[in-house]
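Report on the following structure.
The values are calculated or read from the model by the stated rules, or taken from the named source; none is laboratory data. Nothing here was measured: the structure is a model prediction, and the numbers come from that model. For neighbour counting, all protein chains shown are included, and Cβ atoms are generated from backbone atoms with ideal geometry for every residue, glycine included. With ligands, DNA and RNA removed, areas are computed over all heavy atoms of the protein, side chains included. Shrake-Rupley method; radii C 1.70, N 1.55, O 1.52, S 1.80 Å.
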Amino acid sequence: MEQAVQVKELRPPITHIGVIGWVKNNLFNGVFNSILTIVTLFLLWKVVPPFFRWALIDSAWHTTGQACRQAAGACWSIISMNYRFILFGFYPYEEQWRPLLAMLILFGLLFYSRDRSHWKKPLAYAWIIGLFTMGLLMKGGIFGLSSVESTQWGGLPLTLLLAVFGLTAAYPLGVILALGRRSQMHGVKALCILYIELIRGVPLISLLFMSSIIFPLFLPEGVTFNKILRAQVAIILFTSAYIAEVVRGGLQGMSRGQYEAAESIGLNYYLTMRLVILPQALKIVIPPTVSQLISAFKDTSLVVIIALFDLLKTTQSVLSNPEWMGFSREAYVFVAILYFLGCFSMSNYSRKLEKELSRGD
Amino acid sequence: MNTEKKASEGQMIEFIDVHKWFGEFHVLQGINLSVDKQERIVICGPSGSGKSTLIRCINRLEEHQRGRIVVDGIELINNTKNIEKIRAEVGMVFQHFNLFPHLTIVENLALGPIWVRKVPKKEAEEAAMYYLDKVHIPEQARKYPGQLSGGQQQRVAIARSLCMNPKVMLFDEPTSALDPEMIKEVLDVMIELAQEGMTMIVVTHEMGFARSVAHRVLFMDFGKIVEGNTPEEFFKNPQHERTRLFLSQILH
């Protein structure tokens, strides 16, 4: 009787596993892909090391504009010497701790709100108090804070103000418009369609122009609205029309049976929407909604055309200073990084939210 | 069971010359029907005959265009409050279950009681557990509908309706979307419900169920109730040619 011999377990050939296997399967699986890989590697070799040399090694970090021109690499001095103007614009220099503190409160609240288990009543109160405090800090006028007119607001706080209020107000408005567009009531439906199509039919720039130039013409003499507020309203109106169409897509994806089941247990229209339809429909459209919100965030930079000094405009102002002229690459890279951080955290958060909400599938 | 005399405590549902059109198509052509309290009715008929539309008119998922429908003394008219009141009293079970996929089973069941009946959450969930027990799946309470089999989902759907303490239950082809091995578990729950004296109107082709449970079997064709009779008479002695043809097709 033959003895069973313990054979050493056979492993797949070395060319199919591990690093070599991966490289073979993903980079060199065919003539075309191999050529593509080699060309790409060559381009990376040509581009990446010089970039690092420019950005990190030959660069000037904290010098005058004059000294910068001698340096072979990037002139980050334009940021380090001007960061307070870029971030806070014309806000009085001595008072700039106030917008800084306001922003920190905002970031703190946003960070704490990440976790859905924190979405309870106290958080709502925290937001109300937080928003009130932020407004107080920015505007001043009491508690010994000197008054700062909103015409002096600028830079990152202005961008964040327009973005945060713009997005949080546009989203619910968009949902209401989407529901209105699918309403049985013909008047409501017609109004919503008219609104959505009119707003989508014009560029944001023209809305901003209208809000700053044409709208005041219709106001009685002596009555004025804050310019930032007008831009804010224009952004909200514009974004909500796009959100409405995205949400409508989600609503159309809901089966008739869900409505019928909700109705058959006696839920009225409002409860059917709130408890059954919207939770499902809004979840489906998280990806396009976030795209829309990200694009709205970036669109806030268009307020430069009505002479509001948002982050992009303050950066450009620094560039028009003779001492720093010509360092636009560095300045724009810096602004791009700030915008990227904002957009990337939004998309990151949406992915987290999607994961959490997909338990039922 | 059907031999026992039903306890007639008065009328639950009444149709008086009800007509309905889908565009040009005349789906219901003068329906007259009276359903007593605790009566169990099975409606059968070829597809497109209007049987689903008929029961969907009872809780206003479809609107009738002529005639009158009275449910538990309330006439169905175009009044939102009125309709919501009737819907809370009328349970409905659908062919495709229509559970709410984003809620757990127990949340599905407690939704109506909490929001329509204003029952405290804890109490509503206790009631939900009681009814889940009745349909024999208390262990699934914390799962989501997508994790359950078709038969289990349909039993949850029945329990969801029962949670509202309905006076009448409507079943719209409750077993048509199920795999054959799951039909029995759903029918068993329906039979138990019948034994407790629930008023039921069931659209189904399960003739075994009709035989053992129904007080009356109705046959519908082309938007009319062609005939209605006790199960024995209906199956033994169908009066109309169309009924005989239909029965021969489905009974083989």
*For B:Gln153, work out the one condition from (1) surrounded by 15 or more Cβ atoms within 10 Å (Cβ to Cβ); (2) touching a residue at least 60 places away in the same chain (Cβ under 8 Å) it doesn't fulfil.*
(2)
_Suppose we filter region B:71-104 for residues that are open to solvent by 20 Å² or more (accessible area, probe 1.4 Å), closer than 22 Å to B:Lys37 by Cα and at the interface with another protein chain (Cβ under 7 Å from one of its Cβ atoms); how many remain?_
2
*How many of the residues making up region A:172-214 are closer than 16 Å to A:Ala296 by Cα, assigned to a helix (DSSP H, G or I) and without any contact (Cβ under 8 Å) to a residue 40 or more places away in the chain?*
3
*charged (D, E, K, R), more than 12 Å from chain A (Cβ to nearest Cβ), within 24 Å of B:Cys57 (Cβ to Cβ) and in contact with an Asp or Glu (Cβ under 9 Å, 6 or more places away or on another chain): does that describe B:Lys167?*
yes
*Among the candidates B:Phe171, B:Phe222, which residue alone is in contact (Cβ under 8 Å) with a residue 60 or more places away in the chain and at positive phi?*
B:Phe222
_Criterion: surrounded by 17 or more Cβ atoms within 10 Å (Cβ to Cβ) and modelled with pLDDT of 80 or more - qualifying residue of A:Leu101, A:Leu110, A:Leu106_ = A:Leu106
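What is the residue count in region B:107-123 for residues that are surrounded by fewer than 22 Cβ atoms within 10 Å (Cβ to Cβ), more than 9 Å from chain A (Cβ to nearest Cβ) and not basic (Lys, Arg)? Working first, answer last.
As a first pass, look at region B:107-123 and keep what is surrounded by fewer than 22 Cβ atoms within 10 Å (Cβ to Cβ): B:107, B:114-123.
Narrowing further to those that are more than 9 Å from chain A (Cβ to nearest Cβ): B:107, B:114, B:118-123.
When the remaining residues are screened for being not basic (Lys, Arg), the result is B:107, B:114, B:119-120, B:123.
Of the residues in region B:107-123, 5 are surrounded by fewer than 22 Cβ atoms within 10 Å (Cβ to Cβ), more than 9 Å from chain A (Cβ to nearest Cβ) and not basic (Lys, Arg).
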*asked:* Are there helices (runs of 4 or more DSSP H) fully within region A:277-330 with at least 2 residues that are crowded, with 18+ Cβ neighbours inside 10 Å and more than 14 Å from chain B (Cβ to nearest Cβ)? List them.
replied: A:286-299, A:311-319
*Exactly one condition in (1) over 25 Å from A:Ala74 (Cα atoms); (2) over 23 Å from the mean Cα position of the chain (by Cα); (3) of a type in the set (A, V, I, L, M, F, W, C) is not met by A:Trp324; state its number.*
(1)
_It is to be established whether one or more residues within region B:59-70 are open to solvent by 20 Å² or more (accessible area, probe 1.4 Å), on the phi > 0 side of the Ramachandran plot and of a type in the set (D, E, K, R)._
yes
_Residues located in region A:1-57, provided they are modelled with pLDDT of 80 or more and among the hydroxyl-bearing types (Ser, Thr, Tyr)_ = A:Ser34, A:Thr37, A:Thr40
*So B:Lys51, is it more than 13 Å from the chain's Cα centre (by Cα) and of a type in the set (D, E, K, R)*: no
*Test set (1) of a type outside the set (D, E, K, R); (2) in contact with a helix residue (DSSP H, G or I) (Cβ under 9 Å, 6 or more places away or on another chain); (3) within 30 Å of A:Leu357 (Cβ to Cβ) - A:Tyr125 fails condition number*: (2)
*Tell me which residues, restricted to region B:132-152, are farther than 10 Å from B:Val106 by Cβ, more than 12 Å from chain A (Cβ to nearest Cβ) and not charged (D, E, K, R).*
B:Val135, B:His136, B:Ile137, B:Ser149, B:Gly150, B:Gly151, B:Gln152
_The conditions are (1) more than 9 Å from chain B (Cβ to nearest Cβ); (2) free of Cβ contacts under 8 Å to residues at least 40 places away in the same chain; (3) closer than 29 Å to B:Phe171 by Cβ; (4) open to solvent by less than 10 Å² (accessible area, probe 1.4 Å), and A:Met254 fails exactly one of them. Which is it?_
(4)
*Give just the number: which of (1) in contact with a Gly (Cβ under 8 Å, 6 or more places away or on another chain); (2) exposed (fewer than 11 other Cβ atoms within 10 Å of the Cβ); (3) within 30 Å of A:Arg53 (Cα to Cα) does A:Ser147 not satisfy?*
(3)
*Residue ID - farthest from B:Glu89 (Cα to Cα), chosen from residues in region A:260-276 that are within 7 Å of another protein chain (Cβ to nearest Cβ) and either among the basic types (Lys, Arg) or open to solvent by 20 Å² or more (accessible area, probe 1.4 Å) (or both)*: A:Leu275
*Could you run through region A:53-90 and say how many residues are of a type in the set (Val, Ile, Thr), assigned to a helix (DSSP H, G or I) and either touching a Cys at 6+ places or on another chain (Cβ under 8 Å) or open to solvent by 10 Å² or more (accessible area, probe 1.4 Å) (or both)?*
3
*Name the residue, out of B:Ala157, B:Ala177, that is in contact with a His (Cβ under 6 Å, 6 or more places away or on another chain) and not aromatic (Phe, Trp, Tyr).*
B:Ala177
